[in-house]
Amino acid sequence: MMRFSKRYLVGTFLVALASSCGGGATTSATSPDGSWQAALDAVPRGDFNRIAVELDLPLFWIDDADRDKTLDPAELSVLWGDPPARESDWVAGDAFTPAFKQAYAKIVERAQKAPSFAGLSPEETRRRTAVLRELSDGRPTLVASDLRNASAEDKAVVEHVLAAARIVEKLYQKQTGILSLASQVPSGDTASKRLFYRNQGPQCEAPATKDDPDCKAVPVALSRTSGIYPPALLKDPKFCDALAARPDGRALLEPFVVVAADEEGSMRPVPYQRAFENDMHAVSRELEAAAAAISDPNEGAMQAYLNAAAKAFRDGSWFEADEAWARMNTENSKWYLRVAPDEVYFEPCNRKGGFHVSFARIDQGSREWKEKLDPIKLDMEKALADLAGPPYAARKVAFKLPDFISVIINAGDSRSAFGATVGQSLPNFGPVANEGRGRTVAMTNFYTDADSIASQRAQAASVLCASAMETYSDEQAPQLMSTVLHEAAHNLGPAADYKVNGKDDVEIFGGPLSSTLEELKAQSAALFFADWLVERKVIDAERARRAHVHELTWAFGHISRGMYDQDKKPQPYSQLSAIQVGFLIDEGVVTWNAGEKAQNGKDQGCFSMKLDAFPAATKKLMGIVAKIKGSGDKKGAEALVAKYVDAPGAYADVRKTVTERWLREPKASFVYSVRR
Ligand SMILES: [Zn+2]
């Protein structure tokens with residue numbers, strides 16, 4: 001059975017746990033000698049998966065496919081993680097192993113009795129309680145790949161890429177500076193160990209616990225860490241600005257170098273491949289081994305990229321690797337692989353690439369969108385250029401539309417505690433990026449499981465009025481269209497290589513604000529182009545309307561994550577969402593009806609939408625954003641943030657209500673299994 005409405009409200013967590021055994025499970029899992037007696041129906045599926053996380057077991061009950069409420073070997077997934085788990089340790093043929101039976105007994109025990117913190121200090125008890133709360137705010141959500149029928153060659157490639165991914169995770173933790181803290185997790189404290197792994201660090205990230213000083217995976221005081229900047233620098237909250245203002249600021253803030261300081265405090269850039277030499281060589285060797293495993297002539301492009309990436313991990317030739325990477329496409333490989341330092345969001349200055357692996361299979365579903373949009377992409381650029389006005393002028397854009405991919409694993413910077421990136425344009429730097437020759441992908445296999453669909457509908461129904469819910473769709477199609485348009489728009493209008501008076505957007509707006517603006521541009525374009533495509537009869541109006549309702553709920557989801565992170569750094573998607581929702585309220589497209597119940601029939605007050613007014617409003621918003629970026633109008637950008645993000649009052653009140661309702665549903669916390 002799917003457990004649609006299981007909610008672990010913060011503060012009632014232990015109550016919920018206690019009541020879940022109120023039914024009085026009469027089975028006992030083990031006798032004192034550990035022999036196997038239990039029926040495998042002692043713990044409902046949702047509880048099994050939650051407790052497996054608390055106990056740091058690499059196990060996930062996929063689905064009660066035969067609806068007998070009993071866990072069968074075929075319904076169990078063994079998760080990819082650290083250390084790597086092997087399926088054969090838990091399931092042998094169609095039977096469970098003794099190790100699994102012991103683990104199940106522990107899960108039953110935990111389901112019947114809340115963990116005891118007897119003998120621990122009050123401080124440590126508070127910490128461990130907070131850690132459990134943090135974990136329970138994420139519903140483990142499986143991304144499963146089955147490669148059992150793959151060729152021996154493909155299996156060898158996968159094995160080496162997974163091995164590289166594990167080293168990349170370590171590299172990423174060196175970049176964030178948290179790797180050395182891992183040994184501080186108390187032994188036997190499985191929940192903290194899992195938290196450290198899931199969040200890639202000791203910090204809590206769930207909205208309800210991220211600001212709780214007790215919530216952390218280690219019983220020591222946390223301070224800001226970084227493996228990229230000297231510790232002395234981190235004490236200054238404005239150190240990014242100070243670095244940028246130095247004569248050598250540009251060199252120090254290059255994307256693929258760490259800032260090293262000598263004893264006198266004089267700073268110099270050190271390339272990643274020297275700063276993290278051993279780990280990078282180890283990644284390089286795995287990638288070379290993956291390349292060497294390929295003999296299939298149809299995978300020449302993948303092989304070339306693996307070799308180029310292996311070289312870059314040794315000598316920093318990232319831009320050369322990008323060339324090989326950009327030559328891969330949906331026609332010449334069944335794989336999608338990116339292994340490189342890419343996104344900059346993870347670090348305080350938003351300048352340096354974070355190491356990650358995104359490994360996926362190609363999903364051929366993107367062809368429909370390629371056929372629709374390829375012929376009109378110059379018109380799309382012209383539409384944005386017209387809205388931006390001078391000094392921006394339409395360019396000859398040469399972007400490729402998103403390829404759809406079905407993710408096998410995300411590792412390092414692309415593996416998040418909660419949620420997952422569903423669209424990405426890379427690279428961010430260098431000739432391939434600047435000449436629009438990069439690759440854009442949309443991930444099609446996140447949030448498509450029944451648990452996620454039900455959870456998303458419940459969230460929407462708690463905030464939207466019945467009239468708006470009529471246009472809400474469980475289908476993935478509206479989301480995919482928006483992702484396609486959002487990602488395409490990163491290549492349109494004033495983009496990464498655009499300069500005003502010789503300055504690029506990071507130099508004009510600063511790192512964090514330029515990230516917010518670029519995402520605001522892309523997401524406003526996703527709204528704007530949906531209606532633009534209706535005008536051109538590329539899609540029908542109903543499709544655009546469903547996309548608009550979906551995009552509003554997307555914005556609510558990001559609003560619920562908070563406007564700033566723990567370090568008070570702006571969260572670009574959250575801020576763009578606040579700007580869009582505030583703007584749509586101003587334009588009368590979205591209206592809060594205090595007197596009406598939400599569609600779920602429980603919550604008082606809900607949003608209705610005037611869908612017919614959407615096209616004019618989103619065109620206006622697109623114009624404002626395109627003008628700000630096109631003219632380098634920092635004041636205009638700051639005014640948007642001041643009004644819709646930072647000001648107290650009506651917008652903030654609306655966000656608070658949305659956030660409260662949204663956060664009742666646990667967030668998807670993706671876990672990966674690769675059967676092979
Ligand atoms: Zn984006």
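The values are calculated or read from the model by the stated rules, or taken from the named source; none is laboratory data. No experiment lies behind these values; they were computed from the predicted model shown. When we count neighbours, we look across all protein chains shown, and the Cβ atoms used for this are built from the backbone with ideal geometry, even at glycine.
A compact table of results
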| read-out | value |
| --- | --- |
| Residue ranges of helices (runs of 4 or more DSSP H) in region 470-552 with at least 3 members within 14 Å of the ligand (Cβ to nearest atom) | 477-489, 511-535 |
| Yes/no for residue 209 being surrounded by fewer than 21 Cβ atoms within 10 Å (Cβ to Cβ), at pLDDT below 95 and β-branched (Val, Ile, Thr) | no |
| Among the residues listed as 339, 270, 259, the single one being farther than 18 Å from residue 441 by Cα, surrounded by 19 or more Cβ atoms within 10 Å (Cβ to Cβ) and in contact (Cβ under 8 Å) with a residue 12 or more places away in the chain | 259 |
| Whichever residue in region 602-619 is in a helix (DSSP H, G or I) and of a type in the set (Gly, Ala, Ser) and, among such residues, is surrounded by the fewest Cβ atoms within 10 Å (Cβ to Cβ) | 616 |
| Some residue of region 586-595 being of a type outside the set (A, V, I, L, M), in contact with a Gly (Cβ under 7 Å, 6 or more places away or on another chain) and over 30 Å from residue 503 (Cα atoms) | yes |
| Unmet criterion (only one of (1) surrounded by 15 or more Cβ atoms within 10 Å (Cβ to Cβ); (2) more than 16 Å from residue 356 (Cα to Cα); (3) of a type in the set (Gly, Ala, Ser)) for residue 300 | (1) |
| Count of region 413-469 residues which are of a type in the set (Asp, Glu), away from the ligand (no atom under 16 Å from the Cβ) and either in a loop (DSSP other than H, G, I, E, B) or more than 28 Å from residue 199 (Cα to Cα) (or both) | 2 |
| Answer from 275, 221, 292, 242 - the residue that is aliphatic (A, V, I, L, M) and closer than 22 Å to residue 355 by Cβ | 275 |
| Matching residues, region 244-303, being touching an Asp or Glu at 6+ places or on another chain (Cβ under 7 Å) and more than 16 Å from residue 335 (Cα to Cα) | 269, 273 |
| Any hit, region 273-283, residues being at pLDDT below 95 and surrounded by 18 or more Cβ atoms within 10 Å (Cβ to Cβ) | no |
| Residue match in region 171-188 (condition: closer than 22 Å to residue 86 by Cα and in a helix (DSSP H, G or I)) | no |
| Selected residue [hydroxyl-bearing (Ser, Thr, Tyr) and touching a strand residue (DSSP E or B) at 6+ places or on another chain (Cβ under 9 Å)] from 172, 197 | 172 |
| All positions within region 365-405 that are surrounded by fewer than 20 Cβ atoms within 10 Å (Cβ to Cβ), assigned to a helix (DSSP H, G or I) and of a type in the set (Gly, Ala, Ser) | 365 |
| Given (1) within 33 Å of the chain's Cα centre (by Cα); (2) under 27 Å from residue 75 (Cα atoms), index of the condition residue 92 fails | (1) |
| Residue in region 383-404 that is within 16 Å of the ligand (Cβ to nearest atom), touching a Leu at 6+ places or on another chain (Cβ under 6 Å) and of a type outside the set (Gly, Ala, Ser) present | yes |
| Contacts under 7 angstrom Cβ, first residue in region 277-291 being within 23 Å of residue 258 (Cα to Cα), partner of a type in the set (Val, Ile, Thr), 6 or more apart | 279/167; 282/167; 283/167; 283/168 |
| Single condition residue 251 does not satisfy, out of (1) under 21 Å from residue 428 (Cα atoms); (2) surrounded by 19 or more Cβ atoms within 10 Å (Cβ to Cβ) | (2) |
| Out of 636, 632, 582, sole residue that is surrounded by 18 or more Cβ atoms within 10 Å (Cβ to Cβ), among the small types (Gly, Ala, Ser) and closer than 16 Å to residue 513 by Cβ | 632 |
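Conditions (1) without any contact (Cβ under 8 Å) to a residue 60 or more places away in the chain; (2) in contact with a Phe, Trp or Tyr (Cβ under 9 Å, 6 or more places away or on another chain), marked per residue:
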| position | (1), (2) |
| --- | --- |
| 549 | no, yes |
| 558 | yes, yes |
| 567 | no, no |
| 575 | no, yes |
| 579 | no, yes |
| 585 | no, yes |
| 599 | no, yes |
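For every residue, the table says whether it meets (1) outside any loop (DSSP other than H, G, I, E, B); (2) of a type in the set (Phe, Trp, Tyr).
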residue: 568; (1), (2): no, no
residue: 583; (1), (2): yes, yes
residue: 591; (1), (2): yes, no
residue: 594; (1), (2): yes, no
residue: 621; (1), (2): yes, no
residue: 626; (1), (2): yes, no
residue: 655; (1), (2): yes, no
residue: 658; (1), (2): yes, no
residue: 671; (1), (2): yes, no
